[in-house]
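A short worksheet on the structure shown next.
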Amino acid sequence: MAFAWGTGPCLRSGTAVPGPCPVRVDEHPTWDPFLYALDVLVPVVDLGHATAWDVLGWSKAVMLVLTVAGWVLATTIIAAFGRTLRRR
């Protein structure tokens, strides 16, 4: 919800476009806040949204928090899986 409400509008082209500004104007997927949040949260899967969009303002802080949380979550899952394998 943070990316749906708090990103944009992009004013680089001279007109207000909803959503954040694309990194490359000619190559970018359609803005989808859910896919962007999922791409930022899951560090081992690249959906192409995290590198295609440049979020601004407090949305960048939300993106950084989700990135750190994703790495902590991935590390926790890998450690739990390793411990499960060691017990067997």
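Modelled with pLDDT of 85 or more, crowded, with 18+ Cβ neighbours inside 10 Å and either part of a helix (DSSP H, G or I) or out of contact with any strand residue (DSSP E or B) (no Cβ under 9 Å at 6 or more places or on another chain) (or both): does that describe L73? No; evaluated as a whole, the condition is false for this residue.
Against the test of being part of a loop (DSSP other than H, G, I, E, B), modelled with pLDDT under 80 and not aromatic (F, W, Y), the options T30, T15, T51 yield a single qualifying residue, T15.
On the stretch given as region 49-73, residues that are over 18 Å from M1 (Cβ atoms) and touching a His at 6+ places or on another chain (Cβ under 9 Å) total 1.
A37 - would you say it is under 11 Å from the mean Cα position of the chain (by Cα), assigned to a helix (DSSP H, G or I) and modelled with pLDDT of 85 or more? Yes, satisfied.
The values are calculated or read from the model by the stated rules, or taken from the named source; none is laboratory data. The structure presented is a predicted model; accordingly, all values stated were derived computationally and were not measured. Cβ sites come from the backbone with ideal geometry, for glycine too, and all protein chains shown count toward neighbours.
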